Structures are given as structure tokens and as C-alpha cells.
Amino acid sequence: MNRRLALAACSALWMLSFPAMAQENPGTPVRVRGIIEKVEEGMLTVRSRENETVKLATNEKTGYASIKGLQFADIKPNSYVGVAGRPLAGGGIEAIEVLVFPEAARGTGEGHRDWDLLPNSSMTNATVTAAVSSTAARSIDVAYHGKQQTIRVPEHVPVVTFLPATGKDAAPGLTVFISALKDATGKLTASRVVMEKDGVKPPM
């Protein structure tokens, strides 16, 4: 598989984590953040950020991706981004992390919604209309569904993208962000596993 096809496939897996996925695979969406403790055939064991042991089933439909670090300068006008943020006291949003989607994933989850990274955090998936970096501050202007939003991006905020990966890349000790579905019995099945790579951890 060449790189373009691999990225397209990886992007498709990201799309599966949004509401359409829940319609095709009944269950309650759950996000798990933590560190892999054990990898078994059909099962991942994760120590969550809440310090709980979480077991997640995996199958042939589970998608995998790895994280790659970028620079703020890699955010260009017309980039499609996912920004986890928190409200500023005076109004507006301050980014906690910025994900630059590969072109094949443009449009994924477009809009603004609540997010569970931090209390009162949000997720904005949108197209960049301008990226500004000055000695005073950094910010991006984004547009989604006809709405405009300016998001402040402090210097310490990670900017990342994702790379194709497989279940063979999963290993104990890696930090992960997992989108899963919980069935009526409480069983968790991983839909998408985003993994640390070369020390770059999933910030979302």
C-alpha cells in the first residue's frame, strides 16, 4: 500500500469515531486515555489516566494510527484541523492541542462540540482561514458551517498529525487515546486506537 492510500485508509478510521459509527455499531461512545499495560490477541489492557485498569476488545474493524509532531508553521490557510480548547475568561477559545488532519480526512466531524479532555473543554473541527504568529501571540482563524472563530494557540500547545499504523505497533508503555463503544453488558470494544510514536504522545 503506498503512502497516499495508507493515509486515506487511516483518515477513514478517524471518520468512524464520529456519530455515524454509533449508528452502525450500537453502543455508548467512550474515550479512554492512558498507557498500554498489555497487548493480547483481541484485547488491550490500559492503565487509564484515572489510574484504573481498562480492558478493551479489539477486532478486524479496530483502526490504528500513530502521532507525529508538527510545528505551528505547518498550520496553513485551508488546513483542516481539530482543536481541543478551553474558554478564555474574556471570551473566545484557547487551544489545548491542535491536530492537522491529512487532506483525505477533510470534513471529519466538522463543527464545535463539548470535549472531555479537561473540564469545560471543547473540540472544534474546522478549516483554517488564517494563521497568525507574532511576538505577542499566536492564533488561528477557523470556519465551520458558516461560522467563524478565532482560537489562541499558546507556544506550549502541541501541534500534531497522524500516521498510518496497525495493531502490531501497539506495545506496553505507549500512551494511547482510544475511541471505544460500550455495549449493554459494559464490554468495551476499541473502534480506533491512536498511539504514541517516537515520544510524541496523543494530546487529544
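The values are calculated or read from the model by the stated rules, or taken from the named source; none is laboratory data. Predicted model, so just to flag it, every value in this text is computed and none were measured. Cβ: placed from backbone, ideal geometry, glycine included. Neighbour counts: every protein chain shown.
If a residue must be outside any loop (DSSP other than H, G, I, E, B), in contact (Cβ under 8 Å) with a residue 12 or more places away in the chain, of a type outside the set (D, E) and surrounded by fewer than 20 Cβ atoms within 10 Å (Cβ to Cβ), how many such residues does segment 164-174 contain?
1
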Which condition from (1) more than 20 Å from W115 (Cβ to Cβ); (2) without any contact (Cβ under 8 Å) to a residue 12 or more places away in the chain; (3) assigned by TED's automatic domain parsing to the domain that holds G107 is the one that E155 breaks? (2)
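Report yes if some residue within segment 142-149 is in the same structural domain as L117 (by TED's automatic domain parsing) and not in a strand (DSSP E or B); otherwise report no. First the steps, then the outcome.
As a first pass, look at segment 142-149 and keep what is in the same structural domain as L117 (by TED's automatic domain parsing): 142-149.
Within this subset, residues satisfying the condition of being not in a strand (DSSP E or B) are 145-146.
Within segment 142-149, one or more residues are in the same structural domain as L117 (by TED's automatic domain parsing) and not in a strand (DSSP E or B).
Step by step: first the residues of segment 175-199, then only those that are of a type in the set (A, V, I, L, M, F, W, C) and more than 12 Å from the chain's Cα centre (by Cα), then the one that is surrounded by the fewest Cβ atoms within 10 Å (Cβ to Cβ). Which residue is that?
Filtering segment 175-199 for residues of a type in the set (A, V, I, L, M, F, W, C) gives 176-178, 180-181, 184, 188, 190, 193-195.
Next, from what is left, pick out any that are more than 12 Å from the chain's Cα centre (by Cα): 180-181, 184, 188, 190.
Numbers: A180: 25, L181: 20, A184: 8, L188: 20, A190: 25.
Per the criteria, the residue is A184.
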Condition broken by A136, with the remaining ones in (1) touching a residue at least 24 places away in the same chain (Cβ under 8 Å); (2) part of a loop (DSSP other than H, G, I, E, B); (3) over 18 Å from the mean Cα position of the chain (by Cα) satisfied: (1)
Counting just the residues of segment 40-90 that are touching a Gly at 6+ places or on another chain (Cβ under 8 Å) and surrounded by 20 or more Cβ atoms within 10 Å (Cβ to Cβ), which one comes out nearest to D198 (Cα to Cα)? Y64
If you check every pair at least six apart or on different chains, which have Cβ atoms under 6 Å apart with a residue in segment 28-42 that is more than 11 Å from L56 (Cα to Cα) and part of a strand (DSSP E or B) first and a residue that is at pLDDT below 95 and not charged (D, E, K, R) second? P29/A22
Check segment 121-129 and report whether any residue there is surrounded by fewer than 14 Cβ atoms within 10 Å (Cβ to Cβ) and not assigned by TED's automatic domain parsing to the domain that holds R31. no
Take the conditions at pLDDT 95 or above, hydrophobic (A, V, I, L, M, F, W, C) and more than 23 Å from Q71 (Cα to Cα) and apply them to I151. Does it pass? no
